[in-house]
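Accompanying notes for the structure given below.
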Amino acid sequence: MSCSPGSILGLPAVIHSAAMRRVMDMVKRVAQTDASVLITGESGVGKELVARALHEQSLRCNSPWVDLNCGALPEHLVESELFGYERGAFSGATQTKQGLLELADPGTLFLDEIGDLDARLQVKLLRVLDGAPYYRLGGLKKISPDVRIVAATNRDLEKDIEAGKFRSDLFHRLTQVHIHVPPLRERPEDIPVLAEFFLREQNHNNVRIAPAALDELRSFPWPGNVRELRNAVIRAAIMRSGNEIQPEDLPLGKQKIPLQSGSVVTSLDEMERQLIFRALDQTCGHHEKAAKVLGISRRTLTRKLKKYEAANVFEAVAAG
């Protein structure tokens, strides 16, 4: 049975910019191969959607699609999820469990947030990519699944390699093909098309976006990218007073999280930083609520706050 080259989770409905057409052209070329693919881009740009498109247009499209967020679980759970375990392998292992590598055979295994993978597991994954068989935890039988690996990250893995946090050999093995998904601010022509798509997706078929509101959407920097845009459009559709979404209906950062009065934003990073701290101030420091207001994940918010803390320490040392 062949796979349809048509709609991929609604993807053709939201591809408009030349930048994203180039991304999808590369997906079509790469999909028919078994090359490992690394997809990079900021949080919320749609890396998983691109990975799904790779699978749906590949020769493995009728086989399983399995995904794992490497940053969402502790190290020991990631290992048991990936490689599986035998009954009695550890406390609580009351029955044998297949790992995700086995469950994906002969399809695609998508490893999101690959940059968060522990160093020891990086070695094990590299061996699998090189075709070496492995054992389940506590197992005696070698397993050699036929699976395509697609990975994604919002981190700069080359910097992580320099810092000793990521193996260069695994990086090069994962990047047989590298696909970068540009942030939404670099492809503003996609914003109106995406906004209309999200309205239809939520069955708001009679709702329109006023021209002034579209201008607001185009000019906003969208630090949370497509995910943030989707949340903003859905909230606006719910809160509108008529059949048209007006600028005042949009829960954008500059309205709900105003920048410090009198401040001059000199860079996109500084704008993002101020938006984050305004959100925290608005939610009384509640990280989960602030992340929801910003349209980003709590994990992304925590990582950015750690970055700002490190920057403050550096500035203090430099000043001293």
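What follows is calculated from the coordinates using simple rules that are stated; it is not laboratory data. These figures come from a predicted structure and were not determined experimentally. Positions of Cβ are backbone-derived with ideal geometry, glycine not excepted, and every protein chain shown enters the neighbour counts.
Here are the numbers for this structure:
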| item | result |
| --- | --- |
| Over the range 11-182: Kirkwood hydrodynamic radius from C-alpha pairwise inverse distances, Å | 16.6 |
| Sorted by Cβ neighbour density within 10 Å, fewest at the top, the residues 189, 113 | 189, 113 |
| Modelled FRET efficiency - R0 30 Å, residue 241 with residue 21, Cβ distances, 0.05 increments | 0.25 |
| Alpha-carbon Rg with Dmax, taken over the range 58-141, Å | 12.9, 40 |
| Separation of alpha-carbon centers, the range 79-140 and the range 221-238, rounded to whole Å | 36 |
| Net +/- balance of residues flanking residue 170 in space, Cβ distance below 14 Å, scoring K and R +1, D and E -1 | +1 |
| Summed side-chain charge close to residue 65 - residues other than residue 65 whose Cβ falls under 14 Å, Lys, Arg +1, Asp, Glu -1 | -2 |
| Degrees, to the nearest 10: 119-129 long Cα axis against longest axis of the chain | 70 |
| Relative contact order for the range 11-182, counting Cα pairs under 8 Å that sit 6 or more residues apart, in percent | 33 |
| Pairwise label distance in nanometres, residue 28 with residue 95, each label 7 Å out on the Cα-Cβ vector | 4.5 |
| FRET E, pair residue 144, residue 119, Förster distance 35 Å, beta-carbon r, rounded to 0.05 | 0.90 |
| Computed Kirkwood radius, in angstrom, where 1/r is averaged over Cα pairs of the range 185-256 | 11.9 |
| Rounded to 10°, Cα long-axis angle of helix 190-201 versus longest principal axis of the chain | 80 |
| Under 5 Å, built H, 5+ apart or other chain: amide partners of residue 209 | 245 |
| Distance in nm between pseudo-label sites at residue 201 and residue 307 (7 Å out along the Cβ direction from Cα) | 2.4 |
| Rounded to 5, percent antiparallel among DSSP beta bridges of the chain | 15 |
| ³J(HN,Hα), Karplus 6.51/-1.76/1.60, whole Hz, each residue of the range 203-214, x for Gly, Pro | 6, 8, 6, 9, 8, 10, 10, 4, x, 5, 5, 4 |
| Cβ-defined net charge surrounding residue 78, 11 Å radius [Lys, Arg +1; Asp, Glu -1] | -4 |
| Convex hull volume of the chain per residue (C-alpha atoms, cubic angstrom) | 179 |
| Derived scalar couplings ³J(HN,Hα) [the range 36-49; Karplus, 6.51 cos²θ - 1.76 cosθ + 1.60; whole Hz; x for Gly, Pro] | 6, 10, 10, 9, 10, x, 5, 4, x, 7, x, 5, 5, 4 |
